[in-house]
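The values are calculated or read from the model by the stated rules, or taken from the named source; none is laboratory data. Here the structure is a predicted model, which means the values were calculated and not measured. Reconstructed Cβ throughout: ideal geometry from the backbone, glycine too, with neighbour counts over all protein chains shown. These area figures cover heavy atoms from the full protein model, side chains too; ligands, DNA and RNA do not enter into them. Shrake-Rupley method; radii C 1.70, N 1.55, O 1.52, S 1.80 Å.
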Amino acid sequence: MSQSRQSTIFGKRKEPHTVIIARGDQIRHFTVRPWMAAVAGSALAAVAVGYLLATSYLVLRDDLIGATVARQARMQQAYEDRISSLRAQVDRITSRQLLDQQMMEEKVGELISRQQELAARQAKIGPLLDSAGDLKTSNDNTVPTPAPRPDVRAGLDATTHATLAGFLPDLRGGSANFSAADNADRLFVSINQSLRSIEADQMDRLKSMTEKAYRTADAISNALEGAGLSIAKGYGTSSVGGPLVPLDQSMQFDAVVDELDEALTALDTVKEKARQLPISNPAPGKQVSSTFGVRKDPLLGTPALHAGMDFRATTGSSVRASGAGTVVTAGWNGGYGRMVEIDHGKGLTTRYAHMSKILVAVGDKIEAGEIVGRVGSTGRSTGPHLHYEVRRDGKPLNPLTFIKAGKAIAGLI
């Protein structure tokens, strides 16, 4: 079907647009097809849209850039805040760790100080314990020796570091094992209690030894006084007053040690004075055949004063000095036969008579128990025996009283 026919059938035919350009004698015709118009319109529309978009971008570019920068700044700030928070948390954990370590070192240092104090005390009371002799009980010299300890100044040792690691915070998780810290605290408390117990036990034992020393000195003095031998104790318990000066723990320990030293010195003085007295048995184990006092004279059969006591013994048996002193007579002395006389000081002398042999000389220094001669029957005697006298300022005393006093304190001196 022809185009004209189509135009007739479907309506009025449209003629294409024609553009005529005349220039001088030249005339040009341009036919504008519909598709060309569509293309041109589309191009114009695209250019317009592009222009509008470009204009909008130029106008809004600063705002967009600012928004982007602000968003990046917010993100960076958030990151920095997070990093700061983590750093603060790490600093707190580290500070807590350092604080816990410092506390641990202080506690270890305190324990070391306590141990050193105990060691110093042991060194101070050691000589006193050695000189206490029989006053010590089985546990008086068993003061614990301080165990090896970490040097805080050089840093904690591996064991302490391991202990610290058990309860210091975990930096990765930010948590702490407080149960381990509590166990460490309980350990320190237990050790402190143990050290305090040792210190208290030391004090109690020192006080007990002091009381024993004074009681022993009193027992020796009382026994000697009962025999008429009064000795100066050199100590007393009376106080005359004065300002009150409170004692701290170290001063109290020093005071107790000084008191023990004073008590031991007093006891040694009393013992030394007792050893000077004629209180030992001059013929130990021998039977007494005649006592001090009035008796029938063995030769005349009449009553007479027996100025000493006789010990029945075989010839040649040992005669021992009853106390320390100086020999003032050693030789033949009338009815005494061979006799030794010892001066014990303070007017006290002892005589050992009828000996078969003398083993000392005038001027010799004699100790208690030392052999001065042999039993015999020289002089006015009816048989071998030892005649023993004790005199004060030349006046005869009953030797049995002195021997009894010596037996009473034999285990104390």
ask   = Which residues, counting only those in region 30-51, are in a helix (DSSP H, G or I), open to solvent by less than 70 Å² (accessible area, probe 1.4 Å) and closer than 17 Å to VAL19 by Cβ?
value = ALA37, ALA38, ALA40, GLY41
request  = Can you give me the number of residues within region 302-317 that are free of Cβ contacts under 8 Å to residues at least 12 places away in the same chain and open to solvent by 40 Å² or more (accessible area, probe 1.4 Å)?
outcome  = 2
message = The conditions are (1) part of a helix (DSSP H, G or I); (2) surrounded by fewer than 16 Cβ atoms within 10 Å (Cβ to Cβ), and SER230 fails exactly one of them. Which is it?
response = (1)
remark   = Residue pairs within 6 Å by beta carbon, gap of at least six or interchain, first lying in region 328-349 and among the small types (Gly, Ala, Ser), second in a strand (DSSP E or B) and surrounded by fewer than 20 Cβ atoms within 10 Å (Cβ to Cβ), listed first then second, are GLY347/ARG392
task = Among the candidates ALA410, ALA405, single out the residue that is surrounded by fewer than 16 Cβ atoms within 10 Å (Cβ to Cβ) and at pLDDT below 95.
result = ALA410
query = Can we say PRO243 is assigned to a loop (DSSP other than H, G, I, E, B), surrounded by 12 or more Cβ atoms within 10 Å (Cβ to Cβ) and at pLDDT below 85?
reply = no
key: Residue that is farthest from THR349 (Cα to Cα), among those in region 318-339 that are buried (at least 20 other Cβ atoms within 10 Å of the Cβ) and of a type in the set (Gly, Ala, Ser)   = ALA330
ask   = Which residues, taken from region 334-357, are among the aromatic types (Phe, Trp, Tyr) and either within 17 Å of GLN276 (Cβ to Cβ) or part of a strand (DSSP E or B) (or both)?
value = TYR352
task = Check region 87-101 and report whether any residue there is at pLDDT 85 or above and among the polar types (S, T, N, Q).
result = yes
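Residues are listed down the side, and each one gets a yes or a no for (1) of a type in the set (A, V, I, L, M); (2) part of a helix (DSSP H, G or I); (3) open to solvent by less than 50 Å² (accessible area, probe 1.4 Å); (4) in contact (Cβ under 8 Å) with a residue 24 or more places away in the chain:
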| site | (1), (2), (3), (4) |
| --- | --- |
| ASP81 | no, yes, no, no |
| ASP91 | no, yes, no, no |
| ARG96 | no, yes, no, yes |
| LEU99 | yes, yes, no, no |
| SER113 | no, yes, no, no |
| ARG121 | no, yes, yes, yes |
message = Quick check on region 375-398. Is at least one of its residues open to solvent by 50 Å² or more (accessible area, probe 1.4 Å) and touching a helix residue (DSSP H, G or I) at 6+ places or on another chain (Cβ under 7 Å)?
response = yes
remark   = Scanning region 358-413 for residues that are assigned to a strand (DSSP E or B) and within 18 Å of GLY293 (Cα to Cα) gives HIS385, LEU386, HIS387, TYR388, GLU389, VAL390, ARG391, ARG392, LYS395, PRO396, LEU397
